[in-house]
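The values are calculated or read from the model by the stated rules, or taken from the named source; none is laboratory data. What you are looking at is a predicted structure, and each value in this text was computed from that prediction instead of being measured. With ideal geometry, Cβ positions are generated from the backbone for all residues, glycine too; neighbour counts draw on all protein chains shown. Just so you know, the surface numbers come from the protein's heavy atoms only, side chains and all, with ligands and any DNA or RNA stripped out. Shrake-Rupley method; radii C 1.70, N 1.55, O 1.52, S 1.80 Å.
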Amino acid sequence: MKVAVVGATGLVGNVMLKVLEERNFPVDELLLVASERSVGKKIDFKGIPHEVISIPAAIEEKPDIALFSAGGGTSLEWAPKFAEIGTTVIDNSSAWRMDRSKKLIVPEINARELTKEDKIIANPNCSTIQMVMALAPLHNKYKIKRVVVSTYQSVSGTGVKAVEQLENEIVGKKGDMAYHYPIHKNAIPHCDVFEENGYTKEEMKLVRETQKILGDKTIAVTATAVRIPTAGGHSEAVNVEFENDFNLDEVRSILNNTDGVTIQDNLDVNVYPMPMYANGKDDVFVGRIRRDTSQPNSLNLWVVSDNLRKGAATNTVQIAEYLVNNNLV
Ligand SMILES: NC(=O)c1ccc[n+]([C@@H]2O[C@H](COP(=O)([O-])OP(=O)(O)OC[C@H]3O[C@@H](n4cnc5c(N)ncnc54)[C@H](OP(=O)(O)O)[C@@H]3O)[C@@H](O)[C@H]2O)c1
């Protein structure tokens, strides 16, 4: 496989390289791609330095697969140009997720939808991926009616500049601001831009993408997304109302038997998911599993995952693995 990583100098791109290496993805030739600012920089892959090239230079190389994490504008402009020359693009931005002609894939849930004809495949938003990983198996069993989710999102979800803002603020150093407000010792209820309905785009991604991935437009979702001064992963308080009643032991057993989900839930010894445990891991961690005593058929969960891993890079590489293993590329 000739593989291009577009956005290789960014946070997601960096983890993408690690994940490709760790999972021993069959890379015969690797093209590291970023903006003109980074052309000529060297980045190591499997101990060998690779020079960063521009997008037009990467297109000339006709890669088999291009893993994109370089922002929505770059994807909108360049993903179709890669697709035209036969490259399969897996895109991390929000550019194509809600496009009806593009698939939105979490491999454990809906990779079977993929065909050879899919030349631009969308990777869902990080907050959505971890939530649907926990919800999909429960939806199959009890049918979800409504979800109320509040997120506590890591600064790494915004990119390199936001991580630098937090690091600068911790040591009292002046620098560029990725957010409108300080993030250190703060909680900002504003992730991505506001839409006309008063919700942020991040909140509406949780609504729209969940319905698309689970293939059920009747699922009602309402979200509040909050940025907090953590690195290492996003956390979510998820309240779910099902059509049918459930048994808590059965819920645990279903989650326990779901690939990519790990239960961390032992109150006697203070075990529950936290970003400090999720950091650097591929799984989605679920804990604080309890019945919502305020209304029938309802459940509360606390869901944590490394947004740069399962929320971005790992999910993308898993999609690429599925394509390769099923001769779809
Ligand atoms: N962070 C997350 O948890 C997360 C999760 C899911 C999806 N995503 C999505 O993944 C994308 C990247 O996120 P990130 O956190 O890695 O951001 P980041 O750290 O800011 O990195 C951005 C990357 O995009 C490249 N880039 C920017 N403009 C470009 C252009 N015009 N042409 C080519 N390359 C360009 C940058 O190259 P230079 O270094 O040369 O500027 C850099 O490699 C975004 O679309 C984001 O929404 C992020």
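Quick grid of which residues meet (1) of a type in the set (Asp, Glu); (2) open to solvent by 30 Å² or more (accessible area, probe 1.4 Å); (3) part of a strand (DSSP E or B); (4) touching a Phe, Trp or Tyr at 6+ places or on another chain (Cβ under 8 Å):
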position	(1), (2), (3), (4)
Glu241	yes, yes, yes, no
Val251	no, no, no, no
Asp259	yes, yes, no, no
Asp268	yes, yes, no, no
Leu323	no, no, no, no
_Single unsatisfied condition, Val148 versus (1) within 19 Å of Ala8 (Cβ to Cβ); (2) open to solvent by 40 Å² or more (accessible area, probe 1.4 Å); (3) β-branched (Val, Ile, Thr); (4) away from the ligand (no atom under 16 Å from the Cβ)_ = (1)
*For region 30-54, what are the residues that are open to solvent by 30 Å² or more (accessible area, probe 1.4 Å), more than 24 Å from Val155 (Cα to Cα) and within 15 Å of the ligand (Cβ to nearest atom)?*
Glu36, Val39, Gly40, Lys41, Lys42, His50, Glu51, Ile53
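Ala225 - would you say it is assigned to a helix (DSSP H, G or I) and in contact with a helix residue (DSSP H, G or I) (Cβ under 6 Å, 6 or more places away or on another chain)?
Details: assigned to a helix (DSSP H, G or I): no; in contact with a helix residue (DSSP H, G or I) (Cβ under 6 Å, 6 or more places away or on another chain): yes.
Answer is no for this residue.
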*Taking region 58-89 only, how many residues are open to solvent by 10 Å² or more (accessible area, probe 1.4 Å), small (Gly, Ala, Ser) and within 11 Å of the ligand (Cβ to nearest atom)?*
5
*asked:* Any residue at all in region 204-212 that's part of a loop (DSSP other than H, G, I, E, B) and within 23 Å of Gly7 (Cβ to Cβ)?
replied: no
_Scan region 187-197 and tell me whether some residue there is over 30 Å from Ala66 (Cβ atoms) and not in a loop (DSSP other than H, G, I, E, B)._
yes
*Being away from the ligand (no atom under 15 Å from the Cβ) and either assigned to a strand (DSSP E or B) or in contact with a His (Cβ under 6 Å, 6 or more places away or on another chain) (or both) is the filter; apply it to region 1-29 and report the residue that is farthest from Lys81 (Cα to Cα).*
Glu29
*asked:* Against the conditions (1) open to solvent by less than 60 Å² (accessible area, probe 1.4 Å); (2) over 21 Å from Val207 (Cβ atoms); (3) of a type in the set (A, V, I, L, M, F, W, C); (4) modelled with pLDDT of 95 or more, where does Leu299 fall short? Just the number, please.
replied: (2)
*asked:* Tell me whether region 221-236 contains one or more residues that are open to solvent by 20 Å² or more (accessible area, probe 1.4 Å) and among the charged types (D, E, K, R).
replied: no
*What number goes with the only condition from (1) touching a Phe, Trp or Tyr at 6+ places or on another chain (Cβ under 6 Å); (2) within 22 Å of Arg309 (Cβ to Cβ); (3) open to solvent by 10 Å² or more (accessible area, probe 1.4 Å) that Lys102 does not pass?*
(2)
_It is to be established whether one or more residues within region 109-117 are closer than 14 Å to Ile213 by Cα, free of Cβ contacts under 8 Å to residues at least 40 places away in the same chain and basic (Lys, Arg)._
yes
*Looking at region 102-113, is at least one residue within 16 Å of the ligand (Cβ to nearest atom), of a type in the set (Val, Ile, Thr) and farther than 22 Å from Leu17 by Cα?*
no
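Can you confirm whether region 198-219 contains a residue that is over 22 Å from the mean Cα position of the chain (by Cα), of a type in the set (Asp, Glu), at pLDDT 95 or above and surrounded by fewer than 19 Cβ atoms within 10 Å (Cβ to Cβ)?
no
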